[in-house]
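A.B. asks: So that we are looking at the same thing, I have put the structure below in structure tokens.
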Amino acid sequence: MNSNKWRIFTVFGLVCFAQTAQAQEVLPRPDQPFKGKIGRTVKESTKDFPKEVQAPKGAPNILLILTDDVGFGASSTFGGPIPTATMERLAKNGLRYTQFHTTALCSPTRAALLTGRNHHSVATGVVMEWGTGFPGYNSLQPKSAGTFAEILKQNGYNTAWYGKNHNVPDWHTSQAGPFDLWPTGLGFEYFYGFIGGDTSQWAPALFDGTKPIEPPHDAKDYFFDKDMADHCIDRIRMLHAVAPQKPWLQYYAPGTAHAPHHAPKDWIAKFKGKFDQGWDKQREETFARQKQMGLIPANAKLTPRPKEIPAWDSFDADHQKVFAHMMEVYAAALAHCDYQMGRILDVIEEMGQLDNTLVIYIQGDNGASAEGTPQGLLNEMSVFNGIPEDFKEVMRRMDELGGPTTFNHYPVGWAHAMDTPFQWTKQIASHFGGTRNGMVISWPARIKDKGGIRTQFSSVIDILPTLLEAADVPAPTSINGVAQKPIEGTSLVYTFDDANAPSKHTTQYFEMMGNRAIYHDGWVAATTPPIAPWEFGGAGIPSVNDYKWELYNVSEDFSEATNLAAKEPAKLKELQDLFWQEAEKYNVLPIDNSKAERFDVSLRPSLTRGREEFTYYSGLVRIPEGTAPDTKNKSWQIKAEVVIPQGGAEGMLITHGGRFAGYGLYLLKGKPVFCYNLAGVARYTIAGTEALAPGAHTIVHDFKYDGGGLGKGGLGTILVDGKTVATGRIERTLPFRLAVDETLDCGEDTGTPVTEDYHMPFKFTGGLKKVVIELGKSGLTANDEKKLEESNEKIAAVRD
């Protein structure tokens, strides 16, 4: 055996051999032998520093962009009505991909992107909040599927992640961790963003690494998309100043344009009147532009609007006015977000690095979201809790849409228009309206067909192998001692020089909550969705084996407009059989079309199960709802032990939630107050009349639940040192969810206030020894529990 070609190592005590030529495929790379000389003294010795890992010569910088909830027909780059100047800039200097696909939902798409494997292969068959105990669905991304960040980091890259991360298991999101599935545990040296499905742009729940941080409360012009871009720019500049020879990876994942649709007022004003024609006309206009731009074939058909979505002309003038403005706000949000990315490109260009920077811009992690109900929403917490919004109130507050006092979403009709020319929307993995997203790749030093269009079939799992080939880095066989699963995607580098190259990604399954499809060599077999994503009830859904199937020849029928199932039964059967083979291969089985049932936290590990008493101390903040006491649909009590100094005290004792739903117990001008915020529809305030005297006190808020169903009311009582100082009725409570991005905080308030009676962070100015929350028994019947499960469906779906 030639010792120059082989090395010896041990695994579990076994002697193994490996070729040194492949050592780079094992990460981290083996320790290098000392090549100097060791003598008795320094004079008799020769120094030798081990050579540290360096990226391959000429390896490009990488900027990977992934926006949120943006359909194929939304951006101007792909014929849509929303100007995306940065994406167009990249497209003119690179390539547009018109047959790129995601998974139809957020967490699964992002897991597939990070790992280059199908979402079920990496335990992310659904969103984090729906994880179940099967290999394809447990939400614990395996160590055998290393991320592109881990691979590139160990090959000489600096790595960073900005924005949304909805890939932390539901029970891992608190400060108790574990943190190995947070970005810093997945190969990213730096993370600045939020954990979960969505967050406010005005008051985001931010993390720096794994540490929760707060945006500046007093900065009136603060906006997260701008802040995120600033952090990305600062880091790129720092890396260029300190280590200009070292390539970097920036993964940039804004929460825009997921709800809430937030945008600065001056950006919203730019779109005034732009959508007065309504969603039906908008689809026609977009479709015509897509053909004119050569993005879709001349023979492509515009799929019809489903009967479940009302025609624009069926609404009166007031509804049309509000709905048009909701779309103006959405457009402003996406255009403003795209502008921030342009600022990043400007800095890269100023540094002279744009030529050798590979930019991949994916417009949306799934199709446009149809989860905003037919009417749209001021506050999505209302729909989470089954509390209808009064259209008159929505209209009265129309000018607030996009601002800090709303957690808004546009109506279903606009989502369908943003997915032009396809059927269906986000969540529906069986059809391209849920899975087809526009993508642009720019790399001036390598791609010469500037402004070209690529029609090869591709998938989000193709991004990792594309990055590795571009960087001249092999896919490792082992990372940190764990053997790696094979990469399941196909590099797209072959498309850079040849617009007519045959697709190398010839087969791809799709599955999400029972909706499924299979693509193979230009054909698609797809199940017919039994329920629309804007319908949250589960009644009448057939068993998995009883779904109807459709068949499309997408090599000739770009938009899946002509169902050939009846004419081509043999082809349909062939593809159905292929789907089941792929499903078994990639951990898709067992297929589960349940929704509400999977939201049950008892299906997963929990930090709160079986606990009835919770003790908190001042400064304990940012505790997510999944690890906080569940006060819904039951009696419960808060007991706070305080010390009031001379001159009095005020501030937050404990709160959960904020402006859009939740509760808080606090002192205001020395007087005890409990406020319950019913999704912004009503606020119930119980307040004492006298300020607390200096000294030690015990403040209690006791809530006696009426029982008899979900979200019922009850009697609230405030006691100070055992004496009742105030009582009041809370006529209705939140049955399903207190918060989306807001948290439980003790001794101060993060995020947004429960009521506008105080200003953030409203830190308690006295002494707070501790706060104890004690839960009583649930007041629910078996039928109530069933309703609770059904409603949880809407929460998980819209959260993502």
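A.B. asks: Could you check, for the range 508-524, whether at least one of its residues is polar (S, T, N, Q) and either assigned to a helix (DSSP H, G or I) or more than 28 Å from Q141 (Cβ to Cβ) (or both)?
C.D. replies: no
A.B. asks: Now for a separate question. For the range 249-272, which positions are of a type in the set (F, W, Y) and open to solvent by 10 Å² or more (accessible area, probe 1.4 Å)?
C.D. replies: If the condition is that a residue be of a type in the set (F, W, Y) and open to solvent by 10 Å² or more (accessible area, probe 1.4 Å), then W267, F271 are the ones that fit.
A.B. asks: Within the range 719-742, which residues are surrounded by 20 or more Cβ atoms within 10 Å (Cβ to Cβ) and closer than 30 Å to T173 by Cα?
C.D. replies: T733, L734, P735, F736, R737, L738, A739, V740, D741, E742
A.B. asks: With the requirement that a residue be open to solvent by less than 10 Å² (accessible area, probe 1.4 Å) and over 23 Å from D69 (Cα atoms), what does the range 122-137 give you?
C.D. replies: Across the range 122-137, the qualifying residue is only G136.
A.B. asks: Here's a follow-up. Suppose the filter is surrounded by 18 or more Cβ atoms within 10 Å (Cβ to Cβ), of a type in the set (D, E), in contact (Cβ under 8 Å) with a residue 24 or more places away in the chain and more than 27 Å from P135 (Cα to Cα); does D557 pass it?
C.D. replies: Answer is yes for this residue.
A.B. asks: Can you pull out every residue in the range 584-611 that is of a type in the set (A, V, I, L, M, F, W, C) and either more than 25 Å from F384 (Cβ to Cβ) or open to solvent by 70 Å² or more (accessible area, probe 1.4 Å) (or both)?
C.D. replies: V588, L589, I591, V601, L603, L607
A.B. asks: Continuing with this model, one more query. Out of the residues in the range 221-243 meeting the condition of being over 19 Å from the mean Cα position of the chain (by Cα) and open to solvent by 70 Å² or more (accessible area, probe 1.4 Å), tell me which one is farthest from K153 (Cα to Cα).
C.D. replies: D221
A.B. asks: Can you confirm whether G514 is open to solvent by 10 Å² or more (accessible area, probe 1.4 Å) and either acidic (D, E) or under 30 Å from I428 (Cα atoms) (or both)?
C.D. replies: It is false that G514 is open to solvent by 10 Å² or more (accessible area, probe 1.4 Å) and either acidic (D, E) or under 30 Å from I428 (Cα atoms) (or both).
A.B. asks: Oh, and also: Using the structure shown, decide if Y547 is closer than 24 Å to K301 by Cα and among the hydroxyl-bearing types (S, T, Y).
C.D. replies: No.
A.B. asks: Further, regarding this structure: For A525, only one of the following conditions fails: (1) closer than 17 Å to Y552 by Cβ; (2) open to solvent by less than 20 Å² (accessible area, probe 1.4 Å); (3) touching a residue at least 60 places away in the same chain (Cβ under 8 Å). What is its number?
C.D. replies: Among (1) closer than 17 Å to Y552 by Cβ; (2) open to solvent by less than 20 Å² (accessible area, probe 1.4 Å); (3) touching a residue at least 60 places away in the same chain (Cβ under 8 Å), the lone unmet condition for A525 is (3).
A.B. asks: Pairs please, first residue from the range 348-372 and small (G, A, S), second anywhere and open to solvent by 10 Å² or more (accessible area, probe 1.4 Å) and in a strand (DSSP E or B), Cβ atoms under 9 Å, 6+ apart in sequence or on different chains.
C.D. replies: If the second residue must be open to solvent by 10 Å² or more (accessible area, probe 1.4 Å) and in a strand (DSSP E or B), no pairs are left.
A.B. asks: In the range 477-502, what residues are part of a loop (DSSP other than H, G, I, E, B), over 28 Å from the mean Cα position of the chain (by Cα) and in contact (Cβ under 8 Å) with a residue 60 or more places away in the chain?
C.D. replies: Residues satisfying the conditions are T477, F496.
A.B. asks: Here is a follow-up. Against the definition (in contact with a Ser or Thr (Cβ under 6 Å, 6 or more places away or on another chain), modelled with pLDDT of 60 or more, surrounded by 21 or more Cβ atoms within 10 Å (Cβ to Cβ) and part of a strand (DSSP E or B)), how does D745 come out, yes or no?
C.D. replies: yes
A.B. asks: If you don't mind, there's one more thing I want to ask. Based on what the data block shows, is L140 touching a residue at least 60 places away in the same chain (Cβ under 8 Å), open to solvent by 10 Å² or more (accessible area, probe 1.4 Å) and over 19 Å from N515 (Cα atoms)?
C.D. replies: Against the criterion (touching a residue at least 60 places away in the same chain (Cβ under 8 Å), open to solvent by 10 Å² or more (accessible area, probe 1.4 Å) and over 19 Å from N515 (Cα atoms)), L140 does not qualify.
A.B. asks: Here's something else I'd like to know. Out of all the residues in the range 300-310, which are open to solvent by less than 30 Å² (accessible area, probe 1.4 Å) and closer than 18 Å to E285 by Cα?
C.D. replies: Selection gives A300, T303.
A.B. asks: So, in the range 381-417, of the ones that are in a helix (DSSP H, G or I) and in contact with a Ser or Thr (Cβ under 9 Å, 6 or more places away or on another chain), which residue ends up most open to solvent (accessible area, probe 1.4 Å)?
C.D. replies: This residue is E400.
A.B. asks: Can you tell me which of G342, G376, G352 is open to solvent by less than 10 Å² (accessible area, probe 1.4 Å), more than 19 Å from T420 (Cα to Cα) and out of contact with any Phe, Trp or Tyr (no Cβ under 8 Å at 6 or more places or on another chain)?
C.D. replies: One residue alone meets the criteria, G342.
A.B. asks: While we're on this one: Tell me yes or no: at least one residue of the range 150-158 is crowded, with 24+ Cβ neighbours inside 10 Å, of a type outside the set (V, I, T) and modelled with pLDDT of 95 or more.
C.D. replies: Yes.
A.B. asks: I'd like the full set of residues that are at negative phi and either of a type in the set (V, I, T) or part of a loop (DSSP other than H, G, I, E, B) (or both), limited to the range 155-166.
C.D. replies: N155, Y157, T159, H166
A.B. asks: Identify, please: which residue in the range 167-220 is open to solvent by less than 20 Å² (accessible area, probe 1.4 Å), of a type in the set (F, W, Y) and assigned to a loop (DSSP other than H, G, I, E, B) and is, among those, farthest from H759 (Cα to Cα)?
C.D. replies: If we take residues in the range 167-220 being open to solvent by less than 20 Å² (accessible area, probe 1.4 Å), of a type in the set (F, W, Y) and assigned to a loop (DSSP other than H, G, I, E, B), then F188 is farthest from H759 (Cα to Cα).
A.B. asks: For the range 719-742, enumerate the residues that are in contact (Cβ under 8 Å) with a residue 12 or more places away in the chain, farther than 16 Å from T655 by Cβ and either part of a loop (DSSP other than H, G, I, E, B) or not hydroxyl-bearing (S, T, Y) (or both).
C.D. replies: Of everything in the range 719-742, those that are in contact (Cβ under 8 Å) with a residue 12 or more places away in the chain, farther than 16 Å from T655 by Cβ and either part of a loop (DSSP other than H, G, I, E, B) or not hydroxyl-bearing (S, T, Y) (or both) turn out to be L719, V720, D721, G722, V725, A726, G728, R729, E731, R732, P735, F736.
A.B. asks: What's the total number of residues in the range 433-451 that are open to solvent by 10 Å² or more (accessible area, probe 1.4 Å) and not in a loop (DSSP other than H, G, I, E, B)?
C.D. replies: Final tally of qualifying residues: 0.
A.B. asks: What number of residues in the range 454-476 are in contact with a His (Cβ under 9 Å, 6 or more places away or on another chain) and in a helix (DSSP H, G or I)?
C.D. replies: Qualifying residue count, the range 454-476: 3.
A.B. asks: A follow-up question, please. Can you tell me which residue within the range 312-324, out of those that are among the aliphatic types (A, V, I, L, M) and out of contact with any helix residue (DSSP H, G or I) (no Cβ under 6 Å at 6 or more places or on another chain), is most open to solvent (accessible area, probe 1.4 Å)?
C.D. replies: Among them, the one singled out is A317.
A.B. asks: Can I ask one more? Give just the number: which of (1) open to solvent by less than 10 Å² (accessible area, probe 1.4 Å); (2) of a type outside the set (D, E, K, R); (3) modelled with pLDDT under 95 does A335 not satisfy?
C.D. replies: Failing condition for A335: (3).
A.B. asks: What helices (runs of 4 or more DSSP H), lying completely within the range 244-351, carry at least 1 residues that are in contact with a Leu (Cβ under 7 Å, 6 or more places away or on another chain)?
C.D. replies: Once the helices (runs of 4 or more DSSP H) in the range 244-351 are filtered for at least 1 residues that are in contact with a Leu (Cβ under 7 Å, 6 or more places away or on another chain), what remains is 278-292, 317-350.
A.B. asks: Now, a different point. For the range 495-545, which residues satisfy the criterion of being over 22 Å from E371 (Cα atoms) and of a type in the set (F, W, Y)?
C.D. replies: F496, Y509, Y519, W523, listed by residue number.
A.B. asks: If you don't mind, there's one more thing I want to ask. Tell me the strands (runs of 3 or more DSSP E) entirely within the range 612-718 that contain at least 2 residues that are surrounded by fewer than 18 Cβ atoms within 10 Å (Cβ to Cβ).
C.D. replies: 613-616, 634-644, 682-687, 695-705
The values are calculated or read from the model by the stated rules, or taken from the named source; none is laboratory data. Everything numeric here is computed off the predicted structure, so don't read it as measured data. For neighbour counting, all protein chains shown are included, and Cβ atoms are generated from backbone atoms with ideal geometry for every residue, glycine included. These area figures cover heavy atoms from the full protein model, side chains too; ligands, DNA and RNA do not enter into them. Shrake-Rupley method; radii C 1.70, N 1.55, O 1.52, S 1.80 Å.
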